[in-house]
Amino acid sequence: MSGAPRIDDWTIGAETIVYQSCAACGATQYFRRSFCAACGAADVHDKRASGEGVVYATSVVARAATAEARAHVPYNIVLIDAAEGFRMMAHGDGDLEIGDRVTAGFRRFTDRLVPYFTRTTS
Amino acid sequence: MSFITGVGLTSFGRHEGASTLDLMSRAAELAIADAGLQRNEIDGVLCGYSTVQPHIMLATVFAEHFGITPSYAHAVQVGGATGLAMTMLAHIIVEAGVARHVLVVSGENRLTGQSRDAAIQALAQVGHPSYEMPLGPTIPAYYGLVASRYMHEYGVTEEDLAEFAVLMRAHAADHPGAQFRDRITVADVMASKPVASPLKLLDCCPVSDGGAAFVVSRERAGETGVRIRGCAQAHTHQYVTTIPNFDRMGAAMSLQRARAQSDLSVADVRYAGIYDSFTITLAMLLEELGLAGRGEAAARVRDGHFSRDGAVPLNTHGGLLSYGHCGVGGAMAHLVETQLQMTGRAGGRQVKDAAIALLHGDGGVLSSHVSMFLERVR
């Protein structure tokens, strides 16, 4: 809903993962919009994610496209199924495997802060 | 009805000094001559895009350059699916009586016209600008993610994927226009440099210069006609993060729609031209389209099923993986080769009976799909 408080997330430099929840149909979405992509309702609310999830897919990048990214090679790009029901792209430890339970932290990558997942310890 | 009446294809690889318009013109000339037409008989033009020469009205720029004044012209952009999407549109335009001869054309000096980094960067833009791009992904990484999950689900191995690279190279070895013609083995693919796991260099198509074109007409030109029997699309997502279902990427959906139009089934198919930007792309599309069971496409490659003398010859020009990939023209080469095979003009690469062909292209990260059935008529 327009006027609903926006929670700052990692895409603008805050150490937080944010998703949206639709009050009308209950759908969750990760990419921020002013409406629900599932039902079209404008009644969507920002929510803070727990940072807990399961590894869905992984790809270790050995050949980066920019000089800035090349300084970090190799880095593991992962898709995470978050506990709250949305999927997100992030970085993670190089040895993560599909199905691993993981917890989010944050690291510098080029000039940005990015979510970084490691195996859940507890 | 509509027919693919003429085809033109340049060699792929390095075309030093050739611009996007040069490569488009060369392919267009070949296609128009092949259709037995004069260029002033072309009354419709559809073209793709060029990352090297971005323009807001490339079809008009091309028509002006080429010296024609069509009554219908514009560009189309659906990533790797653009070639087949343009063919589908040409079919619709011709059937509607809007134009008689539509020239479908693309070309790009993607290899020599820019740095390798610029090429990789331009393409990575299919990712989400806020939620994906800051993580430093590349196109191979998007497909690497898809591959890791698909392999996990269906027990596909890296050696299985390598089979597709080996097959495409074996086919390219017999085409003088292919960018890479030296035969390779599964061991070569496995030993090639890591790019984005599980994909290695030889799992990825190259960046090429080249051009491709064809003419879609209301009437057939030669004795043997290649008729568009049915074509359809599906668009299920844009980003790898938002792929709704790794088992049904959209290929089966577009195929089903094309089948309904054409009254043909996959069992009728005697030749296949399938998008192969990466080995995983080919494996997944073959399996989702039903040309092989889930996890079984590599075994069919090993059995010779997709070889030139097999039951369903596949990408006999070498595909994107070995003929090369110059952008929109890359997947158009699949259709050019299919037309040659169906009209019995493939020379040393000729298959025995390409009576019915299935073409499938995808753009983005298996995001946009176009399926097309072609039928030989005499």
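Any read-out appearing in this document is the output of simple, stated calculations on the displayed coordinates, not a laboratory observation. Owing to the predicted nature of the structure, the values given are computational and were not obtained by experimental measurement. No Cβ is skipped: glycine too gets one built from the backbone with ideal geometry, and neighbour counts run over all protein chains shown.
Name the most mobile residue of B:PHE62, B:PHE246, B:PHE278, meaning the one with the largest mean-square fluctuation, in a Gaussian network model of chain B with Cα contacts below 10 Å.
Comparing B:PHE62, B:PHE246, B:PHE278 in the GNM, the peak value goes to B:PHE246.
In the Gaussian network model of chain B, springs joining C-alpha atoms below 10 Å, which of B:SER322, B:SER115, B:SER11 carries the largest mean-square fluctuation?
In the Gaussian network model the winner is B:SER115.
Using just the helices of the protein assembly as shown, give the 222 nm mean residue ellipticity in deg cm²/dmol: DSSP H runs with n ≥ 4 each add -39,500 (n - 2.57), and the total is spread over all residues, rounded to 500. List each step's numbers first, then the result.
Working: 12 runs with 131 residues, N = 500.
When only DSSP H runs of four or more count, the value is -8000 deg cm²/dmol.
For B:GLN38, project a label point 7 Å along Cα to C-beta. Then give me every residue of region B:47-71 with its amide nitrogen under 20 Å of that point.
Within reach of a label on B:GLN38: B:63-71.
Applying a 10 Å radius around every beta-carbon, put B:199-210, A:6-17, B:125-136 in order of their mean neighbour count, most first. Can you show the working numbers first?
Working: B:199-210: 25.4, A:6-17: 16.1, B:125-136: 18.7.
Result, highest mean Cβ count within 10 Å first: B:199-210, B:125-136, A:6-17.
Can you give the relative contact order of region A:52-119 as a percent, counting alpha carbon pairs under 8 Å and 6+ residues apart? Please report the intermediate quantities before stating the final value.
Working: 144 pairs, mean separation 22.8, N = 68.
Relative contact order for region A:52-119 comes out at 34 percent.
Hey, which aspartates and glutamates would be in cross-link range of B:LYS193, C-alpha to C-alpha under 13 Å, not counting anything within fewer than 8 residues on its own chain?
B:ASP203
Provide the packing ranking of B:235-242, B:164-171, A:41-48, i.e. peptides ordered by the mean count of other C-beta atoms within 10 Å per residue, highest first. Don't skip to the end; give the middle numbers.
Details: B:235-242: 19.5, B:164-171: 25.2, A:41-48: 15.5.
Ranking, from highest mean packing down: B:164-171, B:235-242, A:41-48.
A:LYS47: which aspartates and glutamates have alpha carbons under 17 Å from its alpha carbon, excluding same-chain residues fewer than 8 sequence positions away?
A:ASP8, A:ASP9, A:GLU15, A:ASP81, A:GLU84
Please compute, for peptide A:107-116, the average count of beta-carbon atoms on other protein chains lying within 10 Å of each residue's beta-carbon. Provide the component values of the computation, followed by the final result.
Details: counts 0, 0, 3, 3, 1, 4, 1, 3, 1, 1.
Neighbouring Cβ atoms belonging to other protein chains average 2 per residue here.
If you average the alpha carbon positions of region B:37-91 and of region B:225-255, how far apart do those two centres end up, in angstrom?
23 Å
Checking the cross-link filter: which aspartates and glutamates have an alpha carbon closer than 14 Å to that of B:LYS200, excluding same-chain neighbours under 8 positions apart?
Of all the aspartates and glutamates, those that pass the test against B:LYS200 - Cα under 14 Å, at least 8 places apart if same chain - are B:GLU158, B:GLU159, B:ASP160, B:GLU163, B:ASP188.
Would you mind checking the radius of gyration and Dmax of the protein assembly as shown based on alpha-carbon positions, in Å?
Expressed in Å, the Cα Rg and Dmax of the protein assembly as shown come to 22.9, 74.
If you place +1 on the Cβ of every Lys and Arg and -1 on the Cβ of every Asp and Glu, how big does the dipole about the Cα centre of region A:52-119 come out, in debye to the nearest 20? Numbers along the way, then the final one.
Numbers: 8 positive and 9 negative charges, 52 e Å.
For this selection, approximately 240 debye.
Quantify how much of the Cα-Cα distance distribution of region B:266-366 extends past 19 Å, in percent. Present the calculation step by step, with values, prior to reporting the outcome.
On the way: 1789 of 5050 pairs.
The answer is 35 percent, as a whole percent.
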